[in-house]
1. Any idea which of (1) touching a residue at least 24 places away in the same chain (Cβ under 8 Å); (2) away from chain B (no Cβ under 13 Å); (3) not basic (Lys, Arg) is the one A:ALA69 doesn't satisfy?
2. Does the range A:162-178 hold any residues that are at the interface with another protein chain (Cβ under 10 Å from one of its Cβ atoms) and of a type in the set (Ser, Thr, Tyr), and which are they?
3. Could you check A:ALA180 against (1) more than 16 Å from A:TYR125 (Cβ to Cβ); (2) in contact (Cβ under 8 Å) with a residue 40 or more places away in the chain; (3) buried (at least 16 other Cβ atoms within 10 Å of the Cβ) and say which number it fails?
4. Could you check A:LEU152 against (1) buried (at least 21 other Cβ atoms within 10 Å of the Cβ); (2) among the aliphatic types (A, V, I, L, M); (3) in contact with a Gly (Cβ under 9 Å, 6 or more places away or on another chain) and say which number it fails?
5. Check A:GLU127, A:GLU145 and return the single one that is within 26 Å of A:LEU13 (Cα to Cα), within 14 Å of chain B (Cβ to nearest Cβ) and acidic (Asp, Glu).
6. Restricting the range A:83-135 to residues that are among the aromatic types (Phe, Trp, Tyr) and not in a helix (DSSP H, G or I), which is nearest to the chain's Cα centre (by Cα)?
7. So A:THR53 ticks every box in (1) part of a helix (DSSP H, G or I); (2) more than 18 Å from the chain's Cα centre (by Cα); (3) within 14 Å of chain B (Cβ to nearest Cβ) but one. Which box is left unticked?
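Please treat every number below as a calculation from the coordinates, not as lab data. Bear in mind that the values here come from a model prediction, so they are computed numbers and not experimental data. Glycine also receives a Cβ, built like all others from the backbone with ideal geometry; neighbour counts cover every protein chain displayed.
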Amino acid sequence: MNVFRLTGDIAHLLAIILLLMKIWKTRSCAGVSGKSQMMFALVFTTRYLDLITNFISLYNTTMKMIFIASSYGTLYLMFLKFRATYDSNHDTFRMEFLVVPVAGLSFLVNHDFSPLEILWTFSIYLESVAILPQLFMISKTGEAETITSHYLFALGSYRALYILNWVYRFYFEGFFDLIAVVAGCVQTVLYCDFFYLYITKVWKGKKLTLPA
Amino acid sequence: RVNPPQKDEL
């Protein structure tokens with residue numbers, strides 16, 4: 001464990017808590033993409049299948065359970081409890097355009113052709129593009145609530161911190177996972193224009209609005 | 001195939 005990975009995990013946990021708080025306090029999931037949240041739940045489900053079989057540490061097990069529970073809790077809030085506030089008219093990104101190619105790629109490019117490894121690879125590839133419906137929804141509505149923009153900033157920062165973690169582990173532990181690194185870079189690059197808007201607007205106290 | 005890197009990350 002290193003400081004980059006720890007702060008990355010904390011940023012990830014913070015993002016998930018911010019989203020749950022936003023939905024719970026405003027009693028609304030307006031501006032939140034249900035499709036992205038569905039894909040995140042799929043990412044955690046396919047990545048953490050070894051939760052029972054492969055104990056790494058109490059921290060690892062605890063965080064995995066928190067991530068799985070919170071992702072399904074978010075789906076519950078969005079699609080059951082506050083379903084009336086789900087903005088399906090603006091959440092129109094075609095998920096199959098992401099899931100199908102990602103599934104195909106995980107069969108073609110992986111470290112080992114075994115079920116657990118292919119599912120892990122699928123989850124890594126899917127996570128790198130899972131935010132697209134959310135970014136697409138913001139581009140359609142032209143704006144995002146401030147707390148939603150904080151959620152996205154924390155979520156985007158987590159994988160950027162993981163890239164620093166991989167640099168650290170490469171030099172100090174000789175650890176290198178090309179699939180995770182490439183997907184992590186793609187994932188972080190997708191946030192770049194959002195990061196620019198967030199830093200130039202939200203940090204100045206303005207609301208996050210996209211240039212018309 | 002080379003052994004997959006250990007999966008100790010979240």
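1. (1)
2. A:TYR162
3. (1)
4. (3)
5. None of the others qualify; the one that does is A:GLU127.
6. Selected residue: A:PHE93.
7. For A:THR53, the exception is condition (1).
One line per residue, one yes/no per condition, for (1) more than 14 Å from chain B (Cβ to nearest Cβ); (2) within 14 Å of the chain's Cα centre (by Cα); (3) assigned to a helix (DSSP H, G or I):
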| position | (1), (2), (3) |
| --- | --- |
| A:HIS12 | no, yes, yes |
| A:ILE23 | yes, no, yes |
| A:SER28 | yes, no, no |
| A:MET38 | yes, yes, yes |
| A:PHE44 | no, yes, yes |
| A:ASN60 | no, no, yes |
| A:MET63 | no, no, yes |
| A:GLY73 | yes, no, yes |
| A:PHE79 | yes, no, yes |
